[in-house]
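The values are calculated or read from the model by the stated rules, or taken from the named source; none is laboratory data. Note that this is a predicted model, so its numbers are computed, not measured. We place every Cβ from the backbone using ideal geometry, glycine too, and count neighbours over all the protein chains shown.
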């Protein structure tokens, strides 16, 4: 893999629209004949890592263990994640959520859904934490930064320790040049100067 310090801006509609993706196997679905479209913005196949945009018409999947760790931001539509005990986790447009690999659940959407996603297919490790046994819907409210430059709350850590989802609140600041891992940032309020950020990171 070629390592670059490139910041990728994710357009929800793709750089040239979204392309129709491979048809799901309708026989394996509970209901629906969905049509899915998408665009991959970044992918490292050997790590099972990808970031992209996806939309799809209505369908209901089987109740089964989720196959990957996946972070999603729902742009349009709504999803009900059904748990084995029959309870449902409701996800609405504007919500972010994380499904851990191996969690038994059922994806159910009654209408068109549009999302940004980040997937990591890591081996399931021996780690145990509460976020591995639930669908995490991060609360973005961290209050005000006050005199603190950065406030952080961890919402999810996968079993392999290779994927972490944090909510962060930054005060106005300029960071020094730094070593950087792969990050997916969602800016909810304020402004991030991506060009200045790019010049200060090394991957």
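Below, the figures for the structure above:
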quantity: Residue match in region 113-129 (condition: loosely packed, with under 12 Cβ neighbours inside 10 Å, within 19 Å of the chain's Cα centre (by Cα), modelled with pLDDT of 85 or more and within 30 Å of residue 77 (Cβ to Cβ)); calculated: no
quantity: All positions within region 32-47 that are in contact with a strand residue (DSSP E or B) (Cβ under 8 Å, 6 or more places away or on another chain) and farther than 18 Å from residue 116 by Cβ; calculated: 32, 33, 34, 35, 47
quantity: Residues satisfying the stated conditions in region 90-127, i.e. on the phi > 0 side of the Ramachandran plot and without any contact (Cβ under 8 Å) to a residue 24 or more places away in the chain; calculated: 94
